[in-house]
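The values are calculated or read from the model by the stated rules, or taken from the named source; none is laboratory data. Worth saying up front: this structure is predicted, and the values here are computed from it rather than measured. Counting neighbours? That spans all protein chains shown, and the Cβs are built from the backbone with ideal geometry, glycine included.
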Amino acid sequence: MELSQTVASLMGPIRKEKGCSSCNFCQSMEDENKLYLLGEWDTEENLKSHLRSGYFMVLKGAMNLLEEPYEMMFHAVCQLADEEET
């Protein structure tokens, strides 16, 4: 509950960070203890800047209070400009 409140308070400021295309906080429908923070960044540089930000440090601090260790995953997605749909 406390983690959810902390993340919810960070969503607005994170969405305003340079390069943030989207940022969403979700809960698994199958397991209420699984929470996901999904962020989309326009460049790797802006993502790295976010990972050094005060907002991310607060988030990591809140996650360290969890009873079980958390898992953090990053996925790189490339979008090609001017690609024709087939």
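Table for the structure above
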read-out: Matching residues in the stretch 31-62 - criterion: being farther than 15 Å from R15 by Cβ, without any contact (Cβ under 8 Å) to a residue 40 or more places away in the chain and touching a Ser or Thr at 6+ places or on another chain (Cβ under 6 Å); value: K34
read-out: Those residues of the stretch 1-56 which are surrounded by 15 or more Cβ atoms within 10 Å (Cβ to Cβ), over 10 Å from the mean Cα position of the chain (by Cα) and modelled with pLDDT under 90, in sequence order; value: L3, T6, L35
read-out: Long-range neighbours under 6 Å by Cβ, at least six apart or interchain, first residue touching a residue at least 60 places away in the same chain (Cβ under 8 Å) within the stretch 1-30, second surrounded by 15 or more Cβ atoms within 10 Å (Cβ to Cβ); value: L3/A62
read-out: Candidate set: the stretch 57-76, residues that are of a type in the set (D, E, K, R) and either at pLDDT below 85 or assigned to a loop (DSSP other than H, G, I, E, B) (or both); chosen: the one nearest to the chain's Cα centre (by Cα); value: E71
read-out: Count of residues meeting criterion [farther than 22 Å from V77 by Cα and assigned to a strand (DSSP E or B)] in the stretch 9-33; value: 1
